[in-house]
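> Quick one: the structure is below, and I'll ask about it shortly.
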Amino acid sequence: MNDVEEVLRRTFARAEARMPATPPDLLRQVTAGRARRTRRGLVAATAVATFLVIWAVSVVTWRAPESPPAMTAKPAPHVHERRIVKEIAPPLERVLPSVIAEVPRKVPDGEAFTPKLFIDSRTMLGYVSKKGYDPSPELWAYHLESQTFQRLTVVDHPIAPVDAMAVGEGVIAWFEFVDRDIRIMTIPVTGGTPHTAVSFPAELDVDKVNGDTIHGVNLAVGDGRIFWSSTKSGGVNQVPLAGGEPSFVPGTEGLHLFSWPWAGRPVDRTGTMTNLLNLSTGERLDDPVRARCAVTWCLTGNQASRRDGGKVLDLPGDSPRSLVADRFVIMDQVDEQGRKASVIFDLAASRAGRLWIRDDHKASPTLYVDTEMLYFKRGDTWVVIHDAAR
């Protein structure tokens with residue numbers, strides 16, 4: 001052992017000796033703290049550490065590192081030069097007022113309201129759930145025109161599965177995890193008592209040491225049916241809205257629901273999909289090379305282009321990401337004075353609007369990104385950015 005190795009050995013030994021003991025209930029503390037905050041995370045499902053995995057989360061398994069490959073000299077990588085704009089985009093409210101909705105953060109009894117999706121262009125769907133483990137969360141609607149809340153139903157299982165809600169055909173659908181089964185539930189969009197549309201065994205990974213991992217489903221509603229795909233293996237199944245015998249949708253092996261009526265093959269954990277199939281018409285879409293695509297639009301570097309090649313837009317900023325509702329791109333802007341801003345570019349209107357100026361000495365608001373909308377806190381309201389036409 002050389003001198004450097006001996007110093008490292010002694011350093012790690014001293015650090016280990018000073019390390020506090022791990023609390024025996026550490027797993028319970030971590031899962032209890034994270035279950036509320038994580039849209040796509042592991043959810044505490046039973047006292048024996050059985051977990052539910054929601055879309056885009058994979059089980060991480062440690063593997064011993066392989067021997068490193070032989071290294072060859074490579075040219076220095078190209079350094080991306082930051083794009084400078086003459087002026088930071090004006091506030092989003094001024095540029096695109098029609099895409100913004102304001103929703104109170106609390107329902108009339110004072111409980112916190114979390115937005116999830118839109119039932120229609122003027123009605124927001126969300127939920128109310130008490131802090132900690134809540135066995136009876138509630139679904140609420142907020143009507144933008146009358147500025148009133150409406151309680152739709154009480155869910156008899158914890159709120160985490162409601163992250164997979166879907167709306168269509170006049171119903172709201174979600175799944176629950178009950179005794180290792182997936183149970184898909186529905187209510188009318190006007191509210192009511194939950195109805196079981198179908199129930200089936202969940203996909204699971206058996207782990208006798210750490211507890212089994214139970215995989216959830218992605219949902220969509222359309223054409224008089226409810227569709228779902230396993231977050232693990234994919235493959236699209238269907239059942240009539242009224243319930244009945246489920247069946248497999250031919251030609252969807254390995255595909256995951258994407259954005260109704262589309263299903264596709266996931267590329268990575270960013271939500272990018274290829275091999276898009278229209279479940280309603282059978283149409284298939286070609287995949288542009290080296291692009292991150294929604295159904296209509298794709299991102300490549302600092303450009304956005306239509307999937308069919310009909311239009312290319314040079315984005316006025318850097319680091320475009322999170323193509324939301326097949327329309328909104330989040331990106332950064334820096335002006336000639338060095339000011340930095342977070343900006344939304346609307347592909348439909350070809351216009352950019354500022355969310356906020358970024359200050360290196362002050363935290364910016366948290367921007368929550370969902371497949372169909374973005375939202376952030378401003379005082380006592382949620383500011384929601386969405387496509388009112390969808």
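> Pull up all non-local amide H partners of TRP262: gap of 5 or more, or a different chain, and H-to-H distance under 5 Å with H placed in the peptide plane.
Sorted by chain and number, the residues that satisfy this are LEU279.
> In whole angstrom, how far apart do the alpha carbon centroids of the range 108-128 and the range 314-390 sit?
21
> Continuing with the same structure: What lysines could a cross-link reach from LYS116, if we take a straight Cα to Cα line under 29 Å and drop same-chain neighbours fewer than 8 places away?
Cross-link targets: LYS106, LYS130, LYS131, LYS232, LYS362, LYS377.
> Calculate the radius of gyration of the Cα atoms of the range 250-390 to one decimal place, then report Dmax, the largest Cα-Cα distance, as a whole number, both in Å.
16.5, 57
> Sorted by mean Cβ packing within 10 Å, highest first, what order do the peptides 346-358, 97-109 take?
Numbers: 346-358: 17.3, 97-109: 14.8.
Packing proxy ranking, top to bottom: 346-358, 97-109.
> Sorted by accessible area (1.4 Å probe), largest first, how do TRP260, TRP174 line up? Walk me through the numbers before you get to the answer.
On the way: TRP260 85, TRP174 0 Å².
Largest accessible area first, the list is TRP260, TRP174.
> In the range 249-296, what % of DSSP beta bridges are antiparallel (nearest 5)?
On the way: 8 of 8 bridges.
Bridges in the range 249-296 that DSSP calls antiparallel: roughly 100 percent.
> Given H placed 1.01 Å from N in the peptide plane, which residues other than close sequence neighbours of TRP297 have an amide H under 5 Å from its amide H?
ARG307
> Follow-up. Between SER121 and THR296, what's the calculated FRET efficiency when r is the beta-carbon distance and R0 is 22 Å? Round to 0.05. Present the calculation step by step, with values, prior to reporting the outcome.
Values: r = 19 Å, r/R0 = 0.86.
So, using R0 = 22 Å, E works out to roughly 0.70.
> Of the heavy-atom accessible surface of the range 159-273 (probe 1.4 angstrom), what whole percent is carbon and sulfur? Walk me through the intermediate numbers first.
Working: 2420 of 4670 Å².
About 52 percent, which is the carbon plus sulfur part of the accessible surface.
> Not counting ligands, DNA or RNA, and with a 1.4 Å probe, what is ASP360's accessible surface area in Å² rounded to the nearest 10?
120
> Taking only protein heavy atoms into account and a 1.4 Å probe, give the accessible area per residue of the range 322-366 in Å². Provide the component values of the computation, followed by the final result.
Numbers: 2100 Å² over 45 residues.
For the range 322-366, the solvent-accessible area averages 47 Å² per residue.
> Taking a cut-off of 13 Å between Cα atoms, list the aspartates and glutamates near LYS340, but don't count ones fewer than 8 places away on the same chain.
Leaving aside aspartates and glutamates fewer than 8 places away in the same chain, those within reach of LYS340 are GLU87, ASP318, ASP332, ASP359, ASP360.
The values are calculated or read from the model by the stated rules, or taken from the named source; none is laboratory data. Small disclaimer: the values here were computed from a predicted structure and weren't measured. Neighbour counts run over all protein chains shown; Cβ positions are idealised from the backbone, glycine included. We work out accessible area using only protein heavy atoms, side chains counted, and drop any ligands, DNA or RNA first. Shrake-Rupley method; radii C 1.70, N 1.55, O 1.52, S 1.80 Å.
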